[in-house]
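Bear in mind these aren't lab numbers, they're just calculated from the coordinates by the rules spelled out. This one's a predicted model, so the numbers in the text were calculated from it and none came from an experiment. All Cβ positions, glycine included, derive from the backbone under ideal geometry; neighbour counts span all protein chains shown.
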Amino acid sequence: MDNIEELMKQVPELVAVYGLKIILALVIFFVGKYFSGVAKKITERLLNNRKVDKTVSTFVANMAWAVVFTFTVIATLGQVGIQTASLVAVLGAAGLAVGLALQGSLSNFAAGVLLVMFRPCRVGDYIEAGGVAGIVDEITIFATRLKSPDNKVITVPNSSIMNGSIVNYSMMDKRRLDLTIGVSYDADIRKTKQLLCDILESNDKVLKDPAYTVGLAALGDSSVNFVVRPWVNAADYWPTHFELMEQIKLALDENGIGIPYPQMDVHIKEMPAK
């Protein structure tokens with residue numbers, strides 16, 4: 001009973017001492033939480049104004065919120081009387097352990113940030129990277145999602161893209177078609193070249209500037225090979241490719257110019273009688 005009475009006598013003193021600390025801790029917590037949201041909104045707005053990719057702006061804004069909120073929690077615990085120095089040390093050790101365990105993920109994260117900062121490719125570009133090719137559908141923090149021409153979804157780790165060559169077919173507004181046309185050795189070379197030039201001149205998708213190139217490239221084993229290199233708008237690349245191949249084949253047939261295929265002549269010698 002004496003202990004209980006003594007404890008009851010200390011209650012007002014405890015409330016006076018720790019009640020104020022708890023109230024201040026709650027104030028720190030809610031004010032810090034509010035400013036965490038403010039920091040997130042301001043960071044996201046600043047990055048969006050600088051036209052930073054939405055993926056990066058959202059991630060960095062969330063990181064800003066997490067940093068401010070973490071300091072808020074530490075300050076709240078310190079106000080209550082909990083020793084935060086040891087807590088910070090534990091969190092640091094845990095962060096190091098998690099970082100070592102997630103080296104690959106952190107590498108992908110860093111590569112993702114570099115992708116959206118330097119922008120070697122953007123959403124909608126057709127690229128070759130990481131051993132695959134496709135249209136960039138989404139660049140996330142850890143991976144890039146591509147759509148192949150036959151509508152397959154390919155997810156590639158960002159580090160695989162950044163650690164290799166990136167071929168972007170959509171970045172430039174003009175592209176050059178590289179066609180090789182083989183004709184028979186019996187064909188009239190001048191007539192064939194003029195025919196190819198006429199086809200390019202008549203196609204409205206072929207650009208006048210830069211000028212196209214038609215030239216005799218090689219005397220092959222079975223054919224005389226011409227290179228046909230017109231420039232087209234990037235969006236017209238494949239339609240023009242298909243059109244020109246069809247037009248060239250029809251024109252060569254109409255003018256009696258043969259397109260040879262690989263042949264092998266076999267000579268059989270009669271063995272002399274014994």
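Some notes on this structure:
- Counting only residues at least eight positions apart within a chain, or on another chain, the lysines with an alpha carbon under 19 Å from that of Lys51 are Lys40, Lys41.
- Burial ranking of peptide ranges 238-246, 119-127 (average Cβ count within 10 Å, highest at the top): 119-127, 238-246
- Average Cα contact separation per residue, the range 105-185, under 8 Å, 6 or more apart, as relative contact order %: 29
- Rounded FRET efficiency, nearest 0.05, which uses the C-beta distance separating Asp188 from Glu270 and R0 of 41 Å: 0.55
- Reciprocal mean inverse distance between Cα atoms of the range 139-255 - Kirkwood radius, Å: 16.8
- Estimated FRET transfer efficiency (Lys249, Thr140; beta-carbon r; R0 45 Å; 0.05): 0.50
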